[in-house]
Amino acid sequence: MKRVLISLAFALTATMAPAAQADDNANWMRPIKPYRVVGNIYYVGSEGLSAWLITSSEGHIVLDSGPSAAGGKLIERNIATLGFQLADVKVLINTHAHYDHAGGLAQLKADIPTAKLWISRGDEPAIEQGHHIGDNENGPTPMQPVKVDKTFGDGQKLKVGETTLIAHLTPGHTIGCTTWTTAVVEKGWPLSVTFPCSLSVAGNVLVGNKQHRNIVADYRESFIKMRAIPTDVLLPSHEEQGDLLAKRQKMLRGDPNAFIDPAELGRYVDGYEAAFNKALTGQQAAGANR
């Protein structure tokens, strides 16, 4: 649990304004070699920020985009390094509308004009206006705006070829925070894979949030909902949220099950729920003392 809480302490600052976090988040733009994780899922992000390529025989899906146009270009280079064609990417999706995961969507869409951008209805305004929506101590944290091609609600299925992803709305971190799930087969074994939306507070105003009035209830419902998702492989949007570098090193040393841990999602949710309760208590106490 100590390790989880240390990781969460870092994650709580993960959506601070770009200028404030430039030094701390240098690994957000540090390249690493892309690699296959399990089944048809590939890591194509940077050292610190995840992006995922999910392939099929009829085209591919890219999940998350990095923090900027340069982040989008980094993802494109990683896709090419793996031997896939950008033109074969059919759909761009996102976990949530914060600049560190959506700031490169405009670049990806410009460079892959045939790809369609799918965004939850709750996060569509933030993506198209180019800034976070919801009262937050870090302000609106701008990003490059981009036109959304398709919006969706809870339970939406995205099917490309033989690959199907399911959208689970888990709001709180953002209004339209989306957790994606899919199923893969690895060496004959079926595996349930979850790409969780963040559950961190990350500067969100929990008491009196005028732009996200149901924020506390949303977080609480998302803890329950995410904890119930069967998950063999957890693939989060920040490296430190899932010790992805350490798992990759285990894989390189010959461990074929490095990313498989059916208990990990429960620990992930438990840690964030504890951090949320502490933050809420603190904000309530601060409000009472004003």
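The table below lists the values:
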read-out: Any hit, the range 60-75, residues being modelled with pLDDT of 95 or more, open to solvent by 50 Å² or more (accessible area, probe 1.4 Å) and assigned to a loop (DSSP other than H, G, I, E, B); value: no
read-out: Some residue of the range 269-277 being of a type outside the set (Phe, Trp, Tyr) and in contact with a Cys (Cβ under 7 Å, 6 or more places away or on another chain); value: no
read-out: Residue that is surrounded by the most Cβ atoms within 10 Å (Cβ to Cβ) [pool: residues in the range 76-101 that are in contact with a Lys or Arg (Cβ under 9 Å, 6 or more places away or on another chain) and part of a helix (DSSP H, G or I)]; value: 78
read-out: 3 or more residues closer than 26 Å to residue 38 by Cβ and not aliphatic (A, V, I, L, M): qualifying strands (runs of 3 or more DSSP E) within the range 115-218; value: 116-120, 163-169, 178-186, 189-195
read-out: Failed item, numbered, when residue 258 is tested on (1) crowded, with 18+ Cβ neighbours inside 10 Å; (2) without any contact (Cβ under 8 Å) to a residue 60 or more places away in the chain; (3) in a helix (DSSP H, G or I); value: (3)
read-out: The range 26-56, subset modelled with pLDDT of 95 or more and among the small types (Gly, Ala, Ser), residue surrounded by the fewest Cβ atoms within 10 Å (Cβ to Cβ); value: 56
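Yes/no per residue for (1) surrounded by fewer than 20 Cβ atoms within 10 Å (Cβ to Cβ); (2) in contact with a helix residue (DSSP H, G or I) (Cβ under 8 Å, 6 or more places away or on another chain):
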site	(1), (2)
177	no, yes
193	no, no
204	no, yes
220	yes, no
230	yes, no
233	no, no
245	yes, yes
252	yes, no
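The values are calculated or read from the model by the stated rules, or taken from the named source; none is laboratory data. Note that the structure is a prediction, hence the values are computed from the model and not measured. Cβ atoms come from the backbone with ideal geometry, glycine included; neighbour counts cover every protein chain shown. Protein only, heavy atoms only, side chains kept; ligands, DNA and RNA dropped before computing areas. Shrake-Rupley method; radii C 1.70, N 1.55, O 1.52, S 1.80 Å.
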